[in-house]
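Participant: Below is one structure. I have some questions about it.
Please treat every number below as a calculation from the coordinates, not as lab data. Every value quoted in this text rests on a predicted model; they were computed, and no experiment measured them. Note that we place each Cβ from the backbone using ideal geometry, even for glycine, and neighbour counts take in every protein chain shown.
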Amino acid sequence: MIRKLVVLLVLLLAAGATAAWWFDVPAHLGWGDQPDSNLTLYGNVDIRQVQLGFRVAGRIKEVLVDEGDAVKAGDVLARLDAAPAEDNVRAAEANVAGLTATLEKLQAGPRQAEIAQAQALYTESLADLQNAEQAFERARQLRPGGAISQAGVDQAKAARDMASARSQSALEALRLLQEGTRPEDIAVARANLQAAEAELSAARTSLADTELSAPADGVVLSRVREPGAIVSPSDIVYVLSLTKPVWVRAYISEPDLGRVHPGMAVEVFSDTAPGKPYRGRVGFVSPVAEFTPKSVETPDLRTDLVYRLRIIVEDADPRLRQGMPVTVRIPLENGGGGP
């Protein structure tokens with residue numbers, strides 16, 4: 001009887017050892033519960049707003065959208081009274097036209113008729129000079145006989161000298177016309193025209209700036225100014241909430257930092273629709289921690305470091321609102337490749 005009890009005890013011990021070994025095998029062979037293949041983070045939809053105003057001063061003529069209106073990039077939101085800017089454009093255009101004509105005139109040089117006129121004037125001056133020389137020569141010959149006074153001789157000499165000077169002046173004027181316009185004068189005229197064209201471009205830019213356009217798709221949060229208000233370039237007229245792209249700001253701890261990289265596919269869940277994930281990807285991983293750590297960190301302290309992530313949501317809808325808390329799930333099983 002005792003022998004049977006001993007045998008039974010041995011069998012029970014063997015069965016227990018076998019069972020313990022069997023249940024411990026998965027742990028040794030890696031058959032136990034696998035770690036979660038998804039990395040879960042928490043964050044918020046970024047608040048992205050822009051304050052809009054005119055680049056030029058003026059009086060608001062009309063406002064075209066109101067608070068809550070959805071707008072597209074390029075939509076005109078408001079206009080200033082454009083009359084002063086239009087006047088500046090017309091004045092600048094007239095100035096450009098005048099300087100353009102001046103440059104073309106200088107480049108064309110003198111006309112043939114002008115050269116012929118200068119040639120005739122020079123020929124006339126030569127004839128006057130010849131007459132003045134003959135008059136002086138006669139006066140000089142008559143002086144010894146007393147037929148003419150010394151004053152008469154001096155007057156004839158002065159007339160000859162003036163005729164000679166006029167002839168030389170006419171000759172130089174003819175040479176100037178024959179040589180044409182100086183390159184320096186053309187360069188000055190071209191520079192003046194370029195300056196006027198720049199002023200015209202600035203005037204046209206100011207005219208275009210009398211319209212305030214949406215820089216991107218968004219929703220009007222507030223309308224600050226009304227028609228008739230006088231505004232300066234520093235005044236805010238609208239506050240626009242940008243709807244595209246939608247960014248989510250999340251934070252990842254230092255031990256998980258090496259498991260995430262830009263381009264990884266993610267899913268974003270909101271509390272409003274927890275069963276409808278939004279598709280997105282990691283667009284940015286901050287290269288530095290959000291706070292300045294101590295100079296010496298233990299492993300426990302290092303786990304408190306967090307890094308900021310930017311998640312770009314690709315299929316956002318109006319239910320995903322700015323500032324809303326969200327949950328981000330990053331699949332890690334396949335390496336988290338981009339979508």
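Participant: Kindly put F269, F284 in sequence by how many other C-beta atoms sit within 10 Å of each C-beta, fewest to most.
Facilitator: F284, F269
Participant: Related question: Given a Förster radius of 56 Å and the C-beta distance between I230 and V285 as r, what FRET efficiency does 1/(1 + (r/R0)^6) yield to the nearest 0.05?
Facilitator: 0.75
Participant: Once you have the Cα-Cα distance between A70 and D161, take 0.36 nm times their residue separation minus that, and quote the gain in nm to one decimal.
Facilitator: Extra length available between A70 and D161 comes to 23.9 nm.
Participant: Over the Cα atoms of the stretch 62-208, what is the Rg over Rh ratio if Rh follows Kirkwood?
Facilitator: Here the Rg-to-Rh quotient is 1.49.
Participant: Using only alpha carbons, build the gyration tensor for the stretch 139-245 and give me the equivalent ellipsoid semi-axes, biggest first, whole Å.
Facilitator: Working through the eigenvalues yields semi-axes of 81, 18, 7 Å.
Participant: Computed FRET efficiency, Cβ-Cβ of A187 and E211, R0 35 Å: what is it to the nearest 0.05?
Facilitator: In this case the efficiency is close to 0.35.
Participant: Where the only charges are on Cβ atoms (+1 Lys, Arg; -1 Asp, Glu), what is the dipole of the stretch 108-257 about its Cα centre, to the nearest 20 debye?
Facilitator: Using only the charged Cβ atoms, the result is roughly 640 debye.
Participant: Each residue of the stretch 212-224 in turn: what ³J(HN,Hα) in whole Hz from Karplus with 6.51, -1.76, 1.60 and θ = phi - 60°, glycine and Pro shown as x?
Facilitator: Per-residue couplings from phi come out as 9, 10, 6, x, 7, 5, x, 10, 6, 8, 8, 10, 8 Hz.
Participant: Separate question: Can you put V266, V89, V313 in order of Cβ neighbours within 10 angstrom, beginning with the fewest?
Facilitator: Least crowded to most crowded, the residues run V89, V313, V266.
Participant: What ranking do R160, R175, R279 get, fewest neighbouring Cβ atoms within 10 angstrom at the top?
Facilitator: Fewest-to-most Cβ neighbours within 10 Å comes out as R175, R279, R160.
Participant: Here is a further query. Going by average Cβ density within 10 Å per residue, which order do the peptides 217-226, 133-142 take, highest to lowest?
Facilitator: Highest to lowest by the protection proxy: 217-226, 133-142.
Participant: Here's another thing I want to ask about it. Check which residues have an amide H placed less than 5 Å from L221's amide H, if you skip close sequence neighbours.
Facilitator: The answer is G68, V239, L240, S241.
Participant: What list of whole percents do you get for P(r) of the stretch 40-82, with Cα-Cα distances grouped in 5 Å bins up to the one holding the largest distance?
Facilitator: The percentages, shortest bin first, are 5, 14, 22, 20, 14, 7, 7, 5, 3, 3, 1.
Participant: To the nearest 0.05, what FRET efficiency results for K61 and Q194 with a Förster distance of 41 Å applied to their C-beta separation?
Facilitator: Once the sixth-power term is evaluated, E becomes 0.80.
Participant: Moving to a separate point now. For the stretch 196-234 and the stretch 121-174, compute the distance between their C-alpha centroids and round to whole Å.
Facilitator: Distance between centres, Cα-based: 74 Å.
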